[in-house]
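**Q** Got a structure for you, questions after.
The values are calculated or read from the model by the stated rules, or taken from the named source; none is laboratory data. These figures come from a predicted structure and were not determined experimentally. Counting neighbours? That spans all protein chains shown, and the Cβs are built from the backbone with ideal geometry, glycine included.
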Amino acid sequence: MTIGTGAFYPGGRFTFPRSYIAKVENCSAGFSLVQTYNQFTLDFRPTYASVYHWTFDERFWVWTSNVWTLDHIITESYYVNEPDPTQIPLNFGLYWVRYAPDPVPQLQFAPNLSTAVPIKATLPAQLPGYWTTPT
């Protein structure tokens, strides 16, 4: 597992319940971003040789009422310069943000701290009936 250095807002030890987050915003810089469940690939080819990869912890990705800190959500963050398969740590930013008028906070993942061209990914929701009294 390869991971770069993370920068976190409001801080790496900031805690929040996963149930408060419904979306993750991933920054693509206008290039092709592909999501496979909790894994993302940002392909800069043919303009550049780099392909970025990052992974959210699967335990975070599925809905839960558990509490998380920002510094434990990303499990992999690296890039490769094609055709060389060497994984190079990819520095990133992970931010807790809320945009008005939407009252629901979200996370923003910014590879190399770039926040250009965000693309939203919806996280799995709670099971039906979770917030209601059993009958």
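**Q** Any chance you could count how many residues in the range 95-113 are without any contact (Cβ under 8 Å) to a residue 12 or more places away in the chain and of a type in the set (Gly, Ala, Ser)? Working first, answer last.
**A** Initially, the range 95-113 is screened for residues without any contact (Cβ under 8 Å) to a residue 12 or more places away in the chain, giving 98-103.
Now restrict to residues that are of a type in the set (Gly, Ala, Ser): 100.
Residues meeting the conditions: 1.
**Q** Tally the residues that are under 14 Å from Tyr95 (Cβ atoms), in a loop (DSSP other than H, G, I, E, B) and under 15 Å from the mean Cα position of the chain (by Cα), restricting the search to the range 8-22. Steps first, answer last, please.
**A** Of the range 8-22, the ones under 14 Å from Tyr95 (Cβ atoms) are 8-12, 14, 16, 21.
Then keep just the ones that are in a loop (DSSP other than H, G, I, E, B); that gives 10-12, 14, 21.
In the following step, the residues that additionally are under 15 Å from the mean Cα position of the chain (by Cα) were identified as 12, 21.
So the count comes out to 2.
**Q** Going by what's in this entry, would Thr69 be described as surrounded by fewer than 17 Cβ atoms within 10 Å (Cβ to Cβ), touching a Gly at 6+ places or on another chain (Cβ under 8 Å) and at pLDDT 95 or above? Spell out the reasoning first.
**A** On the way: surrounded by fewer than 17 Cβ atoms within 10 Å (Cβ to Cβ): yes; touching a Gly at 6+ places or on another chain (Cβ under 8 Å): yes; at pLDDT 95 or above: yes.
So Thr69 passes the test.
**Q** Next question, about the same structure. Give Thr41, Thr15, Thr36 a once-over and let me know the one that is β-branched (Val, Ile, Thr) and touching a Leu at 6+ places or on another chain (Cβ under 8 Å).
**A** Working: Thr15 fails: touching a Leu at 6+ places or on another chain (Cβ under 8 Å); Thr36 fails: touching a Leu at 6+ places or on another chain (Cβ under 8 Å).
That would be Thr41, the only listed residue that is β-branched (Val, Ile, Thr) and touching a Leu at 6+ places or on another chain (Cβ under 8 Å).
**Q** Within the range 41-70, track down each residue that is among the hydroxyl-bearing types (Ser, Thr, Tyr) and assigned to a loop (DSSP other than H, G, I, E, B). Step through it out loud before you land on a result.
**A** Going residue by residue through the range 41-70, those that are among the hydroxyl-bearing types (Ser, Thr, Tyr) are 41, 47-48, 50, 52, 55, 64-65, 69.
If the condition is that a residue be among the hydroxyl-bearing types (Ser, Thr, Tyr) and assigned to a loop (DSSP other than H, G, I, E, B), then Thr47, Tyr48, Thr64, Ser65 are the ones that fit.
**Q** Identify all residues within the range 29-40 that are in a loop (DSSP other than H, G, I, E, B) and either buried (at least 18 other Cβ atoms within 10 Å of the Cβ) or among the acidic types (Asp, Glu) (or both); write none if there are none. Talk me through it step by step, then tell me what you get.
**A** Step one: filter the range 29-40 for residues in a loop (DSSP other than H, G, I, E, B), giving 29-31, 37-38.
Scanning the range 29-40 gives a single hit, Asn38.
**Q** Sticking with this one: Any residue that is within 13 Å of the chain's Cα centre (by Cα) and more than 15 Å from Ala110 (Cβ to Cβ) - is there at least one of those in the range 39-52? Don't jump to the end; show me each part of the working.
**A** Just the residues of the range 39-52 that are within 13 Å of the chain's Cα centre (by Cα), to begin with: 39-42, 52.
Filter once more, so that each one left must be more than 15 Å from Ala110 (Cβ to Cβ): 39, 41.
Within the range 39-52, one or more residues are within 13 Å of the chain's Cα centre (by Cα) and more than 15 Å from Ala110 (Cβ to Cβ).
Let's see how each residue does on (1) touching a helix residue (DSSP H, G or I) at 6+ places or on another chain (Cβ under 7 Å); (2) within 29 Å of Leu127 (Cα to Cα); (3) without any contact (Cβ under 8 Å) to a residue 60 or more places away in the chain; (4) surrounded by 15 or more Cβ atoms within 10 Å (Cβ to Cβ):
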{"position": "Thr15", "(1), (2), (3), (4)": "no, yes, yes, no"}
{"position": "Arg45", "(1), (2), (3), (4)": "no, no, yes, no"}
{"position": "Glu58", "(1), (2), (3), (4)": "no, yes, yes, no"}
{"position": "Ile74", "(1), (2), (3), (4)": "no, yes, no, yes"}
{"position": "Tyr78", "(1), (2), (3), (4)": "no, no, no, yes"}
{"position": "Gly93", "(1), (2), (3), (4)": "no, no, no, yes"}
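**Q** Can you pull out the residues in the range 20-56 that are more than 19 Å from Glu76 (Cβ to Cβ) and in contact with a Pro (Cβ under 7 Å, 6 or more places away or on another chain)?
**A** Within the range 20-56, Tyr20, Ile21 qualify.
**Q** Quick check on Val67: is it farther than 19 Å from Ser28 by Cβ and among the aliphatic types (A, V, I, L, M)? If you could, list the steps in order and put the result at the bottom.
**A** Details: farther than 19 Å from Ser28 by Cβ: yes; among the aliphatic types (A, V, I, L, M): yes.
The answer is yes for Val67.
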